[in-house]
Amino acid sequence: MAKKQKFDYFDAFEKQTKLAVQEADLLIEAIEKFTEAENLRDAMERAHALEHEGDEINHSIFRTVATDFITPIEREDIIDMSQFLDNITDYIEDVIQRFYMYDVHFMHHDALEFACLIKKSCEALDTAMEDFRNFKKSKKFKQLIVDVNTYEEEADQLYLTVIRKLHTHDRENPMRVLVWSQIFDRMERCCDACEHVADTMNTVLLKNV
């Protein structure tokens with residue numbers, strides 16, 4: 001009888017990060033090609049498909065970690081890692097949905113810069129994740145984690161800037177301030193979620209030094 005193939009957690013994590021990069025690309029495309037909210041249905045469907053694929057990976061990780069006798073890293077770290085990765089695709093989908101739900105009539109000029117920063121965060125995380133299975137021996141893994149955190153700090157600064165601009169330049173249009181404050185908050189959460197994954201990887205590293 002053939003031996004059952006062991007579940008590869010690191011491979012599953014990599015699949016999750018690559019989905020995040022794809023969805024970040026989709027967010028940029030939705031912003032660059034924006035004409036009106038009604039035309040975002042296709043982007044929303046594609047984003048939901050990616051998010052659903054991520055959910056399936058997350059569920060498979062949860063099912064496996066619940067029954068595996070031995071895991072490559074601690075169970076709680078596997079669970080945290082997978083859930084934080086799933087949050088990234090959830091939040092990116094949430095941004096695209098909010099363009100539609102709030103029926104935005106124009107694309108804010110800072111939205112593309114924020115989306116590009118989200119993509120950089122996802123790409124940096126993807127690069128770090130590709131090295132994660134070798135974290136005990138890798139000489140570059142620590143720096144890859146730092147790179148993710150650096151983009152999150154840039155996102156924090158950009159968030160402060162754009163929210164202040166909304167409240168100083170658009171205070172006569174409270175609905176616009178409300179709508180875009182909500183959207184930029186979701187965009188900032190995307191980068192936060194990337195940092196949460198990086199922090200979890202760093203925790204794993206510290207536990208195994």
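The values are calculated or read from the model by the stated rules, or taken from the named source; none is laboratory data. Predicted model, so just to flag it, every value in this text is computed and none were measured. No Cβ is skipped: glycine too gets one built from the backbone with ideal geometry, and neighbour counts run over all protein chains shown.
Here Asp94, Asp192, Asp126, Asp103 are screened, and the one residue that is under 28 Å from Glu45 (Cα atoms) and at pLDDT below 95 is Asp103.
Before we move on, is Asn149 in contact with an Asp or Glu (Cβ under 9 Å, 6 or more places away or on another chain), assigned to a helix (DSSP H, G or I) and either in contact (Cβ under 8 Å) with a residue 60 or more places away in the chain or not hydroxyl-bearing (Ser, Thr, Tyr) (or both)? Steps first, please.
Numbers: in contact with an Asp or Glu (Cβ under 9 Å, 6 or more places away or on another chain): yes; assigned to a helix (DSSP H, G or I): yes; either in contact (Cβ under 8 Å) with a residue 60 or more places away in the chain or not hydroxyl-bearing (Ser, Thr, Tyr) (or both): yes.
Yes.
Of all residues in segment 123-146, none satisfies being of a type outside the set (S, T, N, Q), farther than 28 Å from Glu76 by Cα and touching a residue at least 24 places away in the same chain (Cβ under 8 Å).
Taking the criterion of being buried (at least 16 other Cβ atoms within 10 Å of the Cβ) and more than 16 Å from the chain's Cα centre (by Cα), the residues of segment 15-36 that qualify are Ala30, Ile31, Phe34.
For segment 95-135, residues that are over 15 Å from Ala193 (Cβ atoms) and assigned to a helix (DSSP H, G or I) total 14. Sub-8 Å Cβ pairs linking a first residue in segment 38-53 that is without any contact (Cβ under 8 Å) to a residue 24 or more places away in the chain and over 11 Å from Phe99 (Cβ atoms) to a second residue that is part of a helix (DSSP H, G or I) and of a type outside the set (Val, Ile, Thr), at least 6 apart or interchain, are Arg46/Leu26, ordered by first then second residue. Annotation: Phe34 fulfils all but one of (1) outside any loop (DSSP other than H, G, I, E, B); (2) under 20 Å from Cys116 (Cα atoms); the unmet one is (1).
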